[in-house]
Amino acid sequence: MARAKPNRGFELGGVEVAPGTQQTIQLDVAQLYTHTPLTIPVEVLNGRLEGPVLLISAAIHGDELNGVEVVRQILSLVEPAKLKGTLVAVPVVNVFGFIQKSRYLPDRRDLNRSFPGSQKGSIAARLAHQFFSQVVTRCSHIIDLHTAAVYRTNLPQLRANLDDPESSAMAQAFGAPVVINASTRDGSLRAEAQAKGIPVLTFEGGEALRFDSGAINMAIKGCIRVMRSLGMLPSRRRSRSDTMAVARSTSWVRAEQDGIIRSQVALGSKVKKGAVLAKIAAPLGHGEFTLLAPKEGIVIGQHTLPLVNEGDALFHLAYFEQQHADEAMAQIDSLFDEDPGPGIIYDVDEPGLT
Ligand SMILES: [Zn+2]
């Protein structure tokens, strides 16, 4: 194998990060009514040797907090002196939403529908433009961390374009319990970065405004495994299986009447066709309706609020070929084995990094 070349300085927002060092850069994006500048904090770890430039971003939706903790822990594990290539870590992209504990921006736009943005648009378009032009397009690989929206929770899962070999290899290395070969939505970071030829993994895990230890630990280990597979960190002997639990398709099961819902299945459960997913009834218990699984699948997303309107999306089911279903269930079991419980976060211990 050819020996790696020494790295060059990495310039961002007018700051040059020398090889083998790390720096916090405050990227100017806008200003508040008070004319106080609003900045996105970006941590750049520039390795001593040349290699990929990996962006790990979180909180593009300002209320999705698991990724913020994922980035914090990854930064505590990785040292620039031992890194090949460059890690660009952005724990909070949507700083406005983060302050407001909101998914959106003050112009009520969704940042993840606003890429690549524009210099002359409203605040979402401008923030998207700054982040996309100054950070995203400088990176060779991206992992973007999300959670479900409020009142919903997601089993740790990846969305990626598996028809792209590089994205597929990253997804394989990440090792999430479920992988969805998902099409992209216009204006999302993944769609617009992929259009520029940059492979992107979107991680989804847990719910908004909460810390979910299982999803956080899974994402930290996944990101480190991707960095090892890209050669940015020393590789370890593979102990993981080579199969990916790729879902054949997914669908939402919706409420067929209004009422109070009592869920009968947990996230990560495997359900047979016709299994009872939930019971929905009026507050006095009248008119109980039983919601059934349309096909055999695994519950990868779930409504958490017990109050539902007819038509609300309640259970996200993923459907698999048998072999992939077994792989997914094995990973889901190990995920729950390691989960210390609601709200309790422990720091991931990754030997060989420090
Ligand atoms: Zn999100």
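The values are calculated or read from the model by the stated rules, or taken from the named source; none is laboratory data. The shown structure was predicted, so the numbers you read here are calculated from the model rather than taken from an experiment. We place every Cβ from the backbone using ideal geometry, glycine too, and count neighbours over all the protein chains shown.
For this structure, a couple of remarks:
- Qualifying residue in the stretch 266-278 (condition: modelled with pLDDT of 95 or more and within 16 Å of the ligand (Cβ to nearest atom)): no
- Taken over the stretch 111-151, the criterion of being closer than 16 Å to G67 by Cβ, surrounded by 18 or more Cβ atoms within 10 Å (Cβ to Cβ), out of contact with any helix residue (DSSP H, G or I) (no Cβ under 9 Å at 6 or more places or on another chain) and not β-branched (V, I, T) is satisfied by A148 alone.
- Members of the stretch 153-179 found to be within 16 Å of the ligand (Cβ to nearest atom) and within 20 Å of L189 (Cβ to Cβ), listed by number: N154, P156, Q157, L158, R159, A160, A176
- First in the stretch 321-347 and in a helix (DSSP H, G or I), second anywhere and hydroxyl-bearing (S, T, Y), Cβ under 6 Å, 6 or more apart: E327/T243
- Scan of the stretch 189-212 for residues that are over 14 Å from the mean Cα position of the chain (by Cα) and assigned to a helix (DSSP H, G or I), ordered by number: A191, E192, A193, Q194, A195
- The set of residues in the stretch 72-95 that are surrounded by fewer than 22 Cβ atoms within 10 Å (Cβ to Cβ), touching a Ser or Thr at 6+ places or on another chain (Cβ under 8 Å) and closer than 21 Å to L27 by Cβ comprises P80, V95.
- Residues in the stretch 120-144 that are assigned to a helix (DSSP H, G or I), out of contact with any Gly (no Cβ under 9 Å at 6 or more places or on another chain) and more than 23 Å from I220 (Cα to Cα): I123, T137.
- Subset of the stretch 53-92 (residues that are of a type in the set (D, E, K, R) and outside any helix (DSSP H, G or I)): D63, E64, E79, K84
- Residues of the stretch 93-116 satisfying the condition of being in a helix (DSSP H, G or I), at pLDDT below 95 and closer than 15 Å to F132 by Cβ: none
- Residue count for the stretch 2-26, restricted to those that are surrounded by 13 or more Cβ atoms within 10 Å (Cβ to Cβ) and at pLDDT below 95: 2
- Test: S183 is away from the ligand (no atom under 14 Å from the Cβ) and surrounded by fewer than 23 Cβ atoms within 10 Å (Cβ to Cβ): yes
- Scanning the stretch 211-228 finds no residues that are of a type in the set (G, A, S), over 24 Å from M329 (Cβ atoms) and at pLDDT 95 or above.
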